1. Do the conditions hold for Y119, that is, is it surrounded by fewer than 21 Cβ atoms within 10 Å (Cβ to Cβ) and in contact (Cβ under 8 Å) with a residue 12 or more places away in the chain?
2. Identify, from the list P109, P95, the residue that is modelled with pLDDT under 95, farther than 26 Å from G530 by Cα and of a type outside the set (D, E, K, R).
3. For region 16-70, list the helices (runs of 4 or more DSSP H) that sit wholly inside it and hold at least 1 residues that are aliphatic (A, V, I, L, M), closer than 23 Å to I101 by Cα and not assigned by TED's automatic domain parsing to the domain that holds S406; which are they?
4. Just to be sure I understand the filter: pairs with C-beta atoms under 8 Å, separated by 6 or more residues or on different chains, first member in region 414-435 and under 22 Å from G482 (Cβ atoms) and of a type in the set (S, T, Y), second member in a strand (DSSP E or B) and modelled with pLDDT under 95. Which pairs pass?
5. Given the conditions (1) in contact with a Leu (Cβ under 7 Å, 6 or more places away or on another chain); (2) in contact (Cβ under 8 Å) with a residue 12 or more places away in the chain, and given that N102 satisfies all but one, which numbered condition is not satisfied?
6. Among all residue pairs at least 6 apart or on different chains, which show Cβ distances below 6 Å where the first residue, located in region 366-387, is part of a helix (DSSP H, G or I) and the second is among the small types (G, A, S)?
7. So A183 clears everything in (1) assigned to a helix (DSSP H, G or I); (2) within 30 Å of S438 (Cα to Cα); (3) touching a helix residue (DSSP H, G or I) at 6+ places or on another chain (Cβ under 7 Å) except one condition, right? Which one?
8. Scan region 445-465 and report the pairs whose first residue is at pLDDT 95 or above and whose second residue is surrounded by 18 or more Cβ atoms within 10 Å (Cβ to Cβ) and hydroxyl-bearing (S, T, Y), with Cβ atoms within less than 7 Å and a gap of 6+ or a chain change.
Amino acid sequence: MARSALAGYAIAVLAGVLALCLFQAYRAGFSGADEPAHFLNGYFVSNYLRHHLGSNPMAFATEYYLHYPKISIGHWPPAYYGILGVLFLGLPATPEMAFAINLLVAALPAAAVGLTLAYLAGVRAAVAGCLIYAFTPLALEGQLFFMLDQALSACIVAAAMVWVAYAQRPSWPRAFGFAALSALAVLIKGNGWLIVFVPPLHMLLTRDWRPLASPRLYVAAAAAGAVIVPWYWLTSKIAADGFNYTAGWHYATLALGANLHTLVRNLGYASLPLALLAVALEYRARAATPLRWSVASACLGLIVATLALQSLVPVDIDDRYLAPALPALAVLAVAGARRVYEWLGAGARPALALPAAVLLAAAMLAPGMAHLAGRGAKVDMRMAAIPYSARGAQGAAPQVWIIDGSSGAEGAFIAQMAVRDPALSDYAVRASKLLAASNFMGTQYTLKFPDPRGVLAEVERVGAQYVVLVRLNNEAPYPHSGQLQAAMALPDSPFRRVATLAHGNRAGVTEVYEFHGAARANVDAVRQLGLPAKTAPLLNLQPK
């Protein structure tokens, strides 16, 4: 079975390499709204460990944010960023390396699929299941975007497997292993809390409550809680700013329907009936094969826990939030298909067994193949080509760069600039913050200036040396973006366009404007843009 796990991991890695090359994500870099923040959070930790270890980390975080306002530890928990920070001590902190790390992490659940299916359905079914899982649209997209969901899924699946082992034979190492993986999941991302529901669901399905009788579980849970609870107590209000919905019956029914549809769109319409068949057959044989039923119960419990959390907590409705459930559904669906194959092979029509198995596998693989055929390459906004060079080593005066574009464009530029400026010599300013006011999710938005001339005056007031305009599909993303573009074109504007970078793979352009002469950075004005009020409790500071 260990070989099946290694084979599953290798299959997923190869599928990830194919996706990265086919959709050019490795070369294109970041473009999603959250990708650059996750990368920069890890790089920030690396920078602190390399250059500022021993100093006040909160003070350094404050200073870092004032220069490069994209770090967001607090909105998201810190565990994965700590891991990335350590890795970036020895590896280059580049988008390319981030995608290489993501490739290896995102493939880990496939090892669990291979291991579990080898036990439930045999080696050939395990290989087929790993192929099916690795080519689901959700797994493929997980290779194209540098997010937390990939690491979370790997951690959740590992925790569920350790729980099955603990339920089978409780021991201190297994109790603390489950607690440690659960704590890690919760400290990677908030929806890691779904792992808390897996043990009670598993015990309910197996009707085995013996794990509760051991003090090991309570001691391990208390140790995990001592790590988790203080962080969430401190940051719960910050994280709640990202909720897009209001909790209630309407959201629950809307989210449950959408989440079930996500699973079906990833594994095909045959997957749910096949999974239910596998569960029903394992339930019937539970007395004779209790371990098989325990494994199937864990898979079912993981699916139900994911659906429950994502349908009750009104964060958002997004396909990637279902990532922890997908390996478990793949296991059950392929196990169900294997049972169909066995039935037909042992029945009166054995000639239909192989064609039926191939047809069912093809039905589950079809969504991934359609995704490969229909998805376009990832947009390259040409951030790496922007002519920026850090000057901190020469002791030159700081420069102010204003970046305007979508949230992803702002973040991608800030991440590139921050990595090139480890000494924090310069300042990046988001046009969305300088020229407009909005809440965290952007549902409340107002312009700060009535016309382009007022915008130009503000740009000159902060002493910007460069202004970068990113236009996906050649369109201004916000009203203030149109104002800023018009301000650059005013007859008396002191800015001149010095670079025009056509986007790769999509229509669009990134333009760089330079102040004619040497602008004097108004550092006080830039720093007074300050920290978001929501981060003040975390940093024990008053927002500027």
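The values are calculated or read from the model by the stated rules, or taken from the named source; none is laboratory data. Owing to the predicted nature of the structure, the values given are computational and were not obtained by experimental measurement. Note that we place each Cβ from the backbone using ideal geometry, even for glycine, and neighbour counts take in every protein chain shown.
1. Yes; evaluated as a whole, the condition is true for this residue.
2. That would be P95, the only listed residue that is modelled with pLDDT under 95, farther than 26 Å from G530 by Cα and of a type outside the set (D, E, K, R).
3. Because the criterion is at least 1 residues that are aliphatic (A, V, I, L, M), closer than 23 Å to I101 by Cα and not assigned by TED's automatic domain parsing to the domain that holds S406, the helices (runs of 4 or more DSSP H) in region 16-70 that meet it are 25-28, 35-47.
4. Taking only residues 6 or more apart or on different chains, the pairs are S432/S438.
5. (1)
6. As it stands, the answer is A366/G268; P367/G268; M383/A412, since those pairs meet every condition given.
7. With (1) assigned to a helix (DSSP H, G or I); (2) within 30 Å of S438 (Cα to Cα); (3) touching a helix residue (DSSP H, G or I) at 6+ places or on another chain (Cβ under 7 Å) applied to A183, the lone miss is (2).
8. Within 7 Å, the pairs are L456/S493.
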